[in-house]
1. What's the local net charge at S111, with K and R +1, D and E -1, over the other residues with C-beta under 15 Å away?
2. How big is the dipole moment of region 27-150 about its Cα centre under a simple scheme where the beta carbon of each Lys and Arg is +1, that of each Asp and Glu is -1, and everything else is neutral? Debye, nearest 20, please.
3. 7 Å from Cα along Cα→Cβ at both A98 and V127: what's the point-to-point distance in nm?
Amino acid sequence: MSFTICFALILSLVFFSGCGGGANPLGTVHIEGTITLDGSPIEGANITLFPRDGEHAAGGLTDANGRFIVQTAGAPFGSGAKPGEYDVVIRKIHVASAGLSDEEIIQRFGSGMPPVTHLIPERYGDVRASGIDPITVTTDRRQNIFRFELSSE
């Protein structure tokens, strides 16, 4: 066997042994969806899934179309969440100190906290007050697409 063929065979074995399995130690599954407010997509909203078993929270950020992909901390990007039941909170806020240096923050706000403006109703950021039903994540990817239709009323 020539050197080139041996090298190609070894390279192939190394490449394929790293693909397709074992790369997801938390056992997460893909989760995606959309978030709208009064029928319009929300860009820049944070969605957080709090597991009812208390293990690993997961979250994501919406794009210009209100679409999000969930990721669990410590898992690969877009990894989703472990199967189970989750409470959902959704927030979009603006912090008055965004873009300011530390010195400017101290000059404007002293030692107090900068004001926070809620850009969607604040209740969606509270599990007990949001009115968002808990979701169930399954191993069936087709069932892990969620749509959250929020209302400003």
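1. Charge balance near S111 sits at -2.
2. In debye, rounded to 20, region 27-150 gives about 220.
3. With each label placed 7 Å out from Cα toward Cβ, I get 2.6 nm.
Rule-based calculations on the coordinates, nothing more; no lab input. Treat the numbers as computed from the prediction; the structure is a model and nothing was measured. Cβ sites come from the backbone with ideal geometry, for glycine too, and all protein chains shown count toward neighbours.
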